[in-house]
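Novice: Here's a structure for you.
Quick note: the coordinates plus some simple rules give every number you see, no bench work behind them. Predicted model, so just to flag it, every value in this text is computed and none were measured. Cβ placement follows ideal geometry from the backbone for every residue including glycine, while neighbour counts extend to all protein chains displayed.
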Amino acid sequence: MKLRSWFLVPAWFWLAALFAAPFAIILSYSFLSRGVYGGIELPWTWESYTRLFDPLYLGIFLHSAILAAGATLLCLLLAFPAALFISRTRRHKYLYLQLVMLPFWTSFLVRTYAWLFLLRDTGLINTALQAVGITHSPLPLLYNNGAVLLGLVYGYLPFMVLPIYATLERLDPTLLEAAADLGARPWAALFRVVVPLSRPGIAAGCILVFIPCLGAYLTPDLLGGGRIVLVGNLVQNQFTTSRDWPFGSAVSLVLMALVTLALWRYLRRQGEILV
Amino acid sequence: MKRWRCPRANKLGIYAVAFFAFLHLPLLTLAIFSFNSSRFTVWNHFSLVWYRAIFSDPQLLEGAWNSTVIALISTALSTLIGTLCAYALWKRGSRLVTGALYLSLVTPEIVTGISLLALFQWSFRWLGLQLGMYTVILAHVAFSLAYVVIVVSARLRTVSPALEEAAMDLGATEWEAFVHVMLPALVPGIVAAALLALTVSFDDYVITSMVAGVDSQTLPMVFYAMARRGASPVINAISALITAFFGVLIVVSERISSRDPAGDLLRQ
């Protein structure tokens with residue numbers, strides 16, 4: 001056997017035992033019935049999938065999709081000017097890139113907690129607002145959709161900046177000179193030359209933000225305080241408190257299918273692999 | 001020839017300041033208030049009382065110890081498996097393995113967590129085992145492998161295949177060429193991959209919380225349980241320590257990747 005084949009053995013083991021096997025188990029659980037005390041039982045049934053069409057669960061999927069789309073859009077609006085700024089500076093470019101990268105290396109948990117600290121009733125923002133006299137009682141900033149949206153945007157913003165920056169950096173400056181020579185005003189050149197040419201970066205950024213936001217569990221749980229139930233929380237709930245493993249498996253598989261579909265559509269359009 | 005001027009260039013600079021403030025001020029305020037003697041968000045005076053509280057909390061110390069053990073073992077395993085895998089894929093690609101790795105990367109964490117939990121529960125029926133440190137380690141290897149393969153593969157793309165061929169032309173076996181030529185060339189990539197695996201392992205809460213047993217509570221799990229009850233100065237202090245720990249890792253990784261032994265010689 002060649003060296004290459006030996007080297008792939010542990011990876012095949014990973015693929016079979018820690019990737020394919022869990023998937024197969026979830027797939028079979030999703031077609032089984034719920035046991036009386038939790039767990040799973042025969043007979044085989046479609047019931048977990050038909051239950052997904054309950055307006056309650058469709059609503060949770062819709063809520064997740066809207067929050068994920070909103071977070072993606074906000075990230076795009078916030079990240080584009082920042083990426084433009086970094087690509088246009090000549091000095092300290094490396095430093096700015098490092099500043100964007102830094103959150104990758106800091107704990108996601110800690111960064112989410114930071115907003116819990118800032119937004120709570122006795123947090124910095126409410127304390128400051130009351131000290132200045134703008135408000136007299138604490139604003140309910142935490143445990144709502146806005147807090148979750150903010151947490152998602154904050155958590156995944158770097159994923160949007162870097163791919164947009166990468167395309168802006170490769171942009172041919174002579175195209176912009178041509179636009180200016182032909183009489184385009186700076187704003188027109190920005191929206192009709194720079195933005196369209198950075199579309200690959202924008203698409204990559206959007207997919208990198210949308211996918212983790214759609215399946216988010218930690219952010220809605222911590223900043224939504226259990227009041228905001230997204231698909232990720234629904235899955236967790238079915239496997240812990242509700243003890244309905246078949247339904248939890250079905251929800252997981254539908255979530256996986258949605259994520260794969262988003263990725264597949266992106267890859268078909270872009271024709272290249274991420275990273 | 002006219003030059004294109006970015007519209008409102010100076011305003012863009014102001015925006016950038018606000019952008020970086022948004023990105024970094026939350027953690028900075030957190031760190032500052034961890035030194036505040038008052039429990040409330042009003043500055044009282046400098047104090048290390050919350051740091052002392054951390055070191056007298058047995059749960060936190062046990063969590064930190066468990067996290068360290070888990071991170072070190074799972075990083076060693078995933079770096080080994082991932083490096084071998086990246087090398088094998090560099091020799092000849094495998095769509096199945098690459099596809100599975102990318103899919104594991106985009107799978108929502110909670111789905112990875114519950115599917116591994118289901119796998120462990122299912123296999124325990126015959127093995128008579130229960131959740132513990134080793135299930136957490138297996139789970140961490142499962143999700144960090146893709147990161148290792150991607151980082152090492154990126155390094156492999158800068159290495160010329162002629163190098164290995166030359167070694168074998170000069171009489172080295174395939175194994176000798178790998179150990180004496182390829183591995184040294186890959187060291188910066190392997191170290192970067194290991195540090196990445198270490199940080200994702202040390203930071204993970206969602207997957208760990210699903211597969212951990214009673215004896216394997218990690219630092220993020222203890223942290224999360226405390227944060228779920230609301231913010232507190234003790235959590236601020238832990239946050240500052242975790243951030244500082246990760247900061248040291250970045251500096252180490254920067255040092256290693258900038259000091260590249262004979263890097264230019266190896267390029268095409």
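Novice: Counting C-alpha atoms alone, how compact is region A:51-270: give Rg to one decimal and Dmax as a whole number, in angstrom.
Specialist: Rg then Dmax for region A:51-270, in Å: 20.6, 67.
Novice: Taking the alpha carbon gyration tensor of region A:6-139, what are the square roots of 5 times its eigenvalues, largest first, to the nearest whole Å?
Specialist: Those come to 43, 29, 17 Å.
Novice: The protein assembly as shown: D in µm²/s via Stokes-Einstein (Kirkwood Rh, Cα pairs, 20 °C, 1.002 mPa s)?
Specialist: Estimated via Stokes-Einstein, D reaches 85 µm²/s.
Novice: Then there is this: Determine the equivalent ellipsoid of region B:168-261 by diagonalising the alpha-carbon gyration tensor, then write out the semi-axes as square roots of 5 times the eigenvalues, largest first, rounded to whole Å.
Specialist: Taking √(5λ) for each eigenvalue gives 40, 18, 7 Å, largest first.
Novice: Non-local amide H neighbours of A:ILE40 (under 5 Å, H modeled in plane, Pro and chain starts lacking H): which ones?
Specialist: Amide H neighbours of A:ILE40, under 5 Å, 5+ apart: A:GLY35.
Novice: Right, here's the next one. Just for the Cα atoms in region A:175-261, what are the lengths along the principal axes, largest first, rounded to whole Å?
Specialist: The Cα atoms of region A:175-261 stretch 67, 27, 12 Å along the principal axes, largest first.
Novice: Now, a different point. For the residue pair A:ALA65 and B:HIS45, what label-to-label distance in nm results when each label sits 7 Å from Cα along the Cα-to-beta-carbon direction?
Specialist: It works out to 5.9 nm between the two label points.
Novice: What fraction of the Cα pairs in region A:164-224, stated in percent, has a spacing above 20 angstrom?
Specialist: The share of Cα pairs beyond 20 Å in region A:164-224 comes to 45 percent.
Novice: Taking 7 Å along the Cα-to-C-beta vector as the label spot, tell me the B:ARG92-A:HIS136 distance in nanometres, rounded to one decimal.
Specialist: According to this spin-label approximation, the distance is 7.9 nm.
Novice: What's the Kirkwood radius of region B:85-197 in Å, using all Cα pairs?
Specialist: Computed over Cα pairs of region B:85-197, the Kirkwood hydrodynamic radius comes out at 16.3 Å.
Novice: Next question. Return the average number of partner chain Cβ atoms within 10 angstrom of each residue Cβ along peptide A:121-127.
Specialist: 4
Novice: List the trypsin sites (Lys or Arg not before Pro) within region A:86-172 that DSSP assigns to loop and that have no more than 16 neighbouring Cβ atoms inside 10 Å.
Specialist: Hits after loop and neighbour filter: A:ARG90, A:ARG91.
Novice: Assuming 1.002 mPa s and 20 °C, estimate D for region A:13-75 with Stokes-Einstein, Rh taken as the Kirkwood radius over Cα pairs, in µm²/s.
Specialist: So the translational diffusion coefficient is about 149 µm²/s.
Novice: If we count every other residue with Cβ under 13 angstrom of B:PHE33's Cβ, Lys/Arg +1 and Asp/Glu -1, where does the sum land?
Specialist: Local charge sum for B:PHE33: +2.
Novice: Number of Lys-Lys pairs in the protein assembly as shown under 28 Å by Cα, sequence gap 8 or more or different chains?
Specialist: Taking the Cα cut-off of 28 Å, the pair count is 4.
Novice: With the Cα gyration tensor of region B:26-159 in hand, give its eigenvalues times 5 under a square root as the equivalent ellipsoid semi-axes, listed largest first in whole angstrom.
Specialist: 38, 23, 14
Novice: Now for a separate question. What number in nm² do you get for chain B if you take the convex hull of its Cα atoms and divide its surface by four?
Specialist: Directional mean of the projected Cα hull area for chain B stands at 22.3 nm².
Novice: A further question follows. Give me the net charge of A:LEU168's neighbourhood, meaning all other residues with Cβ under 13 Å from the Cβ of A:LEU168; Lys, Arg count +1, Asp, Glu -1.
Specialist: With Lys, Arg at +1 and Asp, Glu at -1, the net is +2.
Novice: Whose amide H sits under 5 Å from the amide H of B:SER38, counting only residues 5 or more places off or on another chain, with H placed in the peptide plane?
Specialist: Distant-sequence amide H within range of B:SER38: B:ASN44, B:HIS45.
Novice: Follow-up. Using a Gaussian network for chain B with springs between C-alpha atoms less than 10 Å apart, which of these wobbles most: B:VAL17, B:VAL49, B:VAL111?
Specialist: Of the options given, B:VAL17 has the highest mean-square fluctuation.
Novice: Something else: Quote the FRET efficiency, to the nearest 0.05, computed for A:TRP12 versus A:LEU261 with a Förster distance R0 of 35 Å and r equal to the Cβ-Cβ distance.
Specialist: Efficiency, from the Cβ-Cβ distance: 0.85.
Novice: So, in Å, what gap is there between the alpha-carbon centers of region B:75-134 and region A:186-214?
Specialist: With region B:75-134 and region A:186-214 each reduced to a Cα centre, they are spaced 33 Å.
Novice: Looking at chain A, identify the longest residue range that excludes and avoids all chymotrypsin sites (Phe, Trp or Tyr not before Pro) in DSSP loops having at most 14 other Cβ atoms within 10 Å.
Specialist: In chain A, the maximal stretch lacking such sites is A:54-275.
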